[in-house]
Amino acid sequence: AFDIAVVTKDGQLVSRWRALCRAAAAWGLVTLPLWLAAASMAGLGRYLSDGLELGLGFGGAATFVAGAAWAVANPERGLQDRIAGTYLVPR
């Protein structure tokens, strides 16, 4: 859509597995605590303490803010690209 390719350090297109790992690194740390907090509020709350529910929600929000701060400080390459060993290049 934006004429950007996701490649490895030697310039080859990434495999689907590596692309999935990149996506999981990008969204997993943010969405997992938020989904757990939402699930606990939807009926699993009787199994979790109020402090844990609140901690999950704030943990997800804090991870999101930390990721935004990382992106501002390091605009050339995102944290998910460093974890997955990928680079974004123009096609």
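The values are calculated or read from the model by the stated rules, or taken from the named source; none is laboratory data. All values derive from a computational prediction rather than experimental measurement. Neighbour counts run over all protein chains shown; Cβ positions are idealised from the backbone, glycine included. The accessibility values were calculated without ligands, DNA or RNA, using every heavy atom of the protein model including side chains. Shrake-Rupley method; radii C 1.70, N 1.55, O 1.52, S 1.80 Å.
Take the residues in region 68-91 that are of a type in the set (S, T, N, Q) and within 19 Å of residue 5 (Cα to Cα); name whichever of them is farthest from the chain's Cα centre (by Cα). I'd like the intermediate steps shown before the answer.
Looking only at region 68-91, we keep the residues that are of a type in the set (S, T, N, Q), and these are 74, 80, 86.
Restricting the remaining residues to those that are within 19 Å of residue 5 (Cα to Cα) gives 80, 86.
Values: 80: 7, 86: 14 Å.
Among residues in region 68-91 that are of a type in the set (S, T, N, Q) and within 19 Å of residue 5 (Cα to Cα), the one farthest from the chain's Cα centre (by Cα) is 86.
Any idea which of 13, 44 is at pLDDT below 80, aliphatic (A, V, I, L, M) and surrounded by 10 or more Cβ atoms within 10 Å (Cβ to Cβ)? It would help to see each step written out before you state the result.
Values: 13 fails: at pLDDT below 80.
Of 13, 44, the one residue that is at pLDDT below 80, aliphatic (A, V, I, L, M) and surrounded by 10 or more Cβ atoms within 10 Å (Cβ to Cβ) is 44.
For region 62-87, what are the residues that are open to solvent by less than 90 Å² (accessible area, probe 1.4 Å), closer than 19 Å to residue 10 by Cβ and not in a helix (DSSP H, G or I)?
77, 85, 86, 87
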